[in-house]
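Engineer: I have a structure I would like to understand better, so I am pasting it below and will then ask my questions one at a time.
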Amino acid sequence: MSSILFLGSGGARFVVARQLRASGGMWIRLGATQIHVDPGPGALVRALSHVPPCNPRELDAIVLSHKHLDHSGDVNVLIEAMTSGGFRRRGAMLAPADAFDDEPVVLPYARRFVERIERLEPSSGPYRVGGIEIFTSMRHRHAVQTHGLIFVHDAIRVAYLPCGRYFEELAADYARHHPDVLIVNVLRYHDQLNVDHFTWNDACRVVAEVRPKVAVFQHFGTTMLEASPPRLAAQVEDELGLRAIAVYDGFTLDLETELAAAAR
Ligand SMILES: [Zn+2]
Ligand SMILES: [Zn+2]
């Protein structure tokens, strides 16, 4: 069974600091391979307290889209959990180079616990983890090195578009991977702030161009939460004729079921 468990659906400093929505990242299972993506603050607690619990000792890798704390706060504690407190050297740690080299968030002592460190480059791959191939998108426009991640296993292709500013070439870059599922981080509903994050409008533009079978929205800031993400997702579903889902904390996306339903 292949699935994505969302251990959090919140993003941005305000929502994360108050934990208005959790920030645990995504636990991806594709076939027999398990990967934790973007373990923000609370990732380990959320994983262990989920019903049924996720077992970090079964993780094959931890992957960061970028090193901002809402995506990496729990990365070191999760490395320890994956490696039985550092006593069993195993697993892989994949992240952009600046997560290791420049004001590193992956601490040098914890790196020794994993079997493999991989510095992700933009527009590259496949990076192999168990039965999954990971490709990266072009570099996002964000304050630190940031790339999207495309996970491929058998016939399933899942793309994750993390934080960054909208720009023209971005949608085409994701479209060339033909994802079945596109997960988009959308922080802001609609405002004039000139910051490096998607608004709801930006997210809809990209989904309309990429046309996945299933569009998934998450990483909500305050203005998105106020605008009711489920209502907005329902509108997209009607307008674009594809399945659209607004994530809540603890939501599981069953990939086989959703993709079979979308094919009908
Ligand atoms: Zn973020
Ligand atoms: Zn960020």
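Where a number appears in this text, it was derived from the coordinates with a stated rule and is not lab data. The structure displayed is predicted, hence computed values, not measured ones. Positions of Cβ are backbone-derived with ideal geometry, glycine not excepted, and every protein chain shown enters the neighbour counts.
Engineer: Just for region 22-49: of the residues that are among the aliphatic types (A, V, I, L, M) and in a helix (DSSP H, G or I), which one is farthest from ligand 2 (Cβ to nearest atom)?
Structural biologist: Looking at the filtered set, the residue picked out is Leu48.
Engineer: On the given criteria, is Val77 within 16 Å of ligand 2 (Cβ to nearest atom) and either surrounded by fewer than 21 Cβ atoms within 10 Å (Cβ to Cβ) or assigned to a helix (DSSP H, G or I) (or both)?
Structural biologist: So Val77 does not fit the description; no.
Engineer: Shifting gears a bit: Name the single residue, out of those in region 136-149 being in a loop (DSSP other than H, G, I, E, B) and either closer than 20 Å to His178 by Cβ or of a type outside the set (A, V, I, L, M) (or both), that is farthest from ligand 2 (Cβ to nearest atom).
Structural biologist: That would be Gln145.
Engineer: Let me ask another. Output the residues belonging to region 158-186 that are assigned to a loop (DSSP other than H, G, I, E, B) and of a type in the set (A, V, I, L, M, F, W, C).
Structural biologist: The answer is Cys163, Phe167, Val186.
Yes/no matrix, rows are residues, columns are (1) among the hydroxyl-bearing types (Ser, Thr, Tyr); (2) surrounded by fewer than 20 Cβ atoms within 10 Å (Cβ to Cβ); (3) touching a strand residue (DSSP E or B) at 6+ places or on another chain (Cβ under 9 Å):
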position: Thr146; (1), (2), (3): yes, no, yes
position: Phe151; (1), (2), (3): no, no, yes
position: Asp154; (1), (2), (3): no, yes, yes
position: Ala159; (1), (2), (3): no, no, yes
position: Tyr174; (1), (2), (3): yes, no, yes
position: Asp180; (1), (2), (3): no, yes, yes
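Engineer: Okay, next question. Residues Leu48, Leu69, Leu20: which one is closer than 24 Å to Asp102 by Cα and surrounded by fewer than 22 Cβ atoms within 10 Å (Cβ to Cβ)?
Structural biologist: Unique residue meeting the criteria: Leu69.
Engineer: Of (1) farther than 24 Å from Glu256 by Cα; (2) in a strand (DSSP E or B), Val152 satisfies all except one. Which?
Structural biologist: Looking at each condition in turn, Val152 falls short on (1).
Engineer: For Asn201, all conditions in the list (1) closer than 15 Å to Ala246 by Cβ; (2) surrounded by fewer than 24 Cβ atoms within 10 Å (Cβ to Cβ); (3) among the polar types (S, T, N, Q) hold save one; what is the number of the exception?
Structural biologist: (1)
Engineer: Would you check if there is a residue in region 132-154 being away from ligand 1 (no atom under 14 Å from the Cβ) and free of Cβ contacts under 8 Å to residues at least 12 places away in the same chain?
Structural biologist: Taking every residue of region 132-154 in turn, none turns out to be away from ligand 1 (no atom under 14 Å from the Cβ) and free of Cβ contacts under 8 Å to residues at least 12 places away in the same chain.
Engineer: Let me ask something else about it. Within region 99-135, which residues are over 11 Å from Val152 (Cα atoms) and either assigned to a helix (DSSP H, G or I) or in contact with a Leu (Cβ under 6 Å, 6 or more places away or on another chain) (or both)?
Structural biologist: Residues satisfying the conditions are Ala99, Phe100, Asp101, Pro108, Tyr109, Ala110, Arg111, Glu118, Leu120.
Engineer: Filtering region 1-21 down to residues that are in a strand (DSSP E or B) and more than 16 Å from ligand 2 (Cβ to nearest atom), which residue is farthest from Asp249 (Cα to Cα)?
Structural biologist: Among residues in region 1-21 that are in a strand (DSSP E or B) and more than 16 Å from ligand 2 (Cβ to nearest atom), the one farthest from Asp249 (Cα to Cα) is Ser3.
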